[in-house]
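S.K.: Pasting a structure here, questions to come.
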Amino acid sequence: YPPDPASQEYSTIGGNVAEGAGGPHGLKYGTTRDYILYMDVVTGNGKNLTLTRGKDDNIIDLFCGSEGTLGIIKTIGLGVLPEPEEHSTVMFVFKSVSDAMRTVSSIIREGVVPSKLEFMDEYSIKAIKRYKDPGVGEGNSVVLLEADGYPKEVKKAVSEAEKIARSEGAVEVQKARTESEEDLLWEIRRNISPALSLFGPYKVNEDITVPPDMLVNTIEKIHHISERYGVFVACFGHIGDGNIHTNIMCDKRDKELMKRVWDAVSEIFRFVIDIGGTISGEHGIGITKQSYLRIEKSRVEIDVYKKIKLLFDPMGIMNPGKIFT
């Protein structure tokens, strides 16, 4: 079952469906939505619905990502895939974001299909080095790539990706030779969240998604906003599909700092919307992004959402106050 959100060790399948969860493997294998075969739900007006793929696709897709606002999901049937025969991981270190992003673009353009393609910026690397130095070396951008499938395919994909990375200025290439070495490379990515806690007790975690050709501009813009507001922002994420996690470290007890944090978030969101991106790649809207949803979506679109909500939940008892009021 490929979908692998960061919360996979403790989140539920029901929660993943309600959130429309993705994860690093989403680039090649898709998200939770792509594996739902059927579901049984109870709507807000008490109706029991059995929904199956091929017959009720539209309604299944409404419930997937609805954040519990349309009904309760009782049963979920999921499709699974055979385990890939082999997988291999390689880490590329760059001196600049632009070198890293050119590599990502070239890898995808040349037809290499990674099973995972992750990015970490200089602030993520700074946090990781302070937390547990993984031996990343000198550089301020990291791209982690995993290829899986048949052995020949894996070898070819890693070789082509390495050739591209070196041509785009990679200053370091670390290729895992064993499963334990592979796990050590992915531990770098897994350690970002605990490492960031060294820079503040509280984290404002956003997950914007932008068009691939705007990745460099977006990350540079976020860094400029971070400097201007005097807040610590680390960018990392599923770079193959343009999904950037922006983590702002702060302390809720510092009201003046929190004002700067939310001002920075607001400016980041407005920039993302202006360039044709979205304020939520996989984390949903919930409560905190409600006001920004009105900027990204038109009044007509939001009215359609509300009518769908009214159809399934006329009394407004399903997760009230979420997504829109």
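S.K.: Filter the range 223-240 for residues that are closer than 30 Å to V113 by Cα and crowded, with 18+ Cβ neighbours inside 10 Å and give the result.
M.R.: V233, A234, C235, F236, G237, H238, I239, G240
S.K.: Quick check on the range 135-156: of everything there that is in contact (Cβ under 8 Å) with a residue 60 or more places away in the chain and outside any strand (DSSP E or B), which residue is nearest to the chain's Cα centre (by Cα)?
M.R.: V154
S.K.: Among the residues of the range 126-134, is any modelled with pLDDT under 95, under 22 Å from the mean Cα position of the chain (by Cα) and either of a type in the set (F, W, Y) or surrounded by 20 or more Cβ atoms within 10 Å (Cβ to Cβ) (or both)?
M.R.: Yes; the residues of the range 126-134 include at least one that is modelled with pLDDT under 95, under 22 Å from the mean Cα position of the chain (by Cα) and either of a type in the set (F, W, Y) or surrounded by 20 or more Cβ atoms within 10 Å (Cβ to Cβ) (or both).
S.K.: Run P84 past the list (1) of a type outside the set (F, W, Y); (2) farther than 21 Å from F312 by Cβ; (3) in contact with a Gly (Cβ under 6 Å, 6 or more places away or on another chain); (4) crowded, with 21+ Cβ neighbours inside 10 Å and report the number of the one that doesn't hold.
M.R.: Of the numbered conditions (1) of a type outside the set (F, W, Y); (2) farther than 21 Å from F312 by Cβ; (3) in contact with a Gly (Cβ under 6 Å, 6 or more places away or on another chain); (4) crowded, with 21+ Cβ neighbours inside 10 Å, the odd one out for P84 is (4).
S.K.: Follow-up question, since we're still on this one. Looking only at strands (runs of 3 or more DSSP E) that lie completely in the range 1-110, which have at least 3 residues being in contact with a strand residue (DSSP E or B) (Cβ under 7 Å, 6 or more places away or on another chain) and modelled with pLDDT under 95?
M.R.: Hits in the range 1-110: none.
S.K.: Being charged (D, E, K, R) and closer than 26 Å to V113 by Cα is the filter here, so list the residues in the range 10-40 that pass it.
M.R.: E19, K28, R33, D34
S.K.: Take the residues of the range 272-293 that are among the aliphatic types (A, V, I, L, M) and buried (at least 21 other Cβ atoms within 10 Å of the Cβ): which is farthest from I222 (Cα to Cα)?
M.R.: Selected residue: I279.
The values are calculated or read from the model by the stated rules, or taken from the named source; none is laboratory data. Predicted model, so just to flag it, every value in this text is computed and none were measured. Cβ: placed from backbone, ideal geometry, glycine included. Neighbour counts: every protein chain shown.
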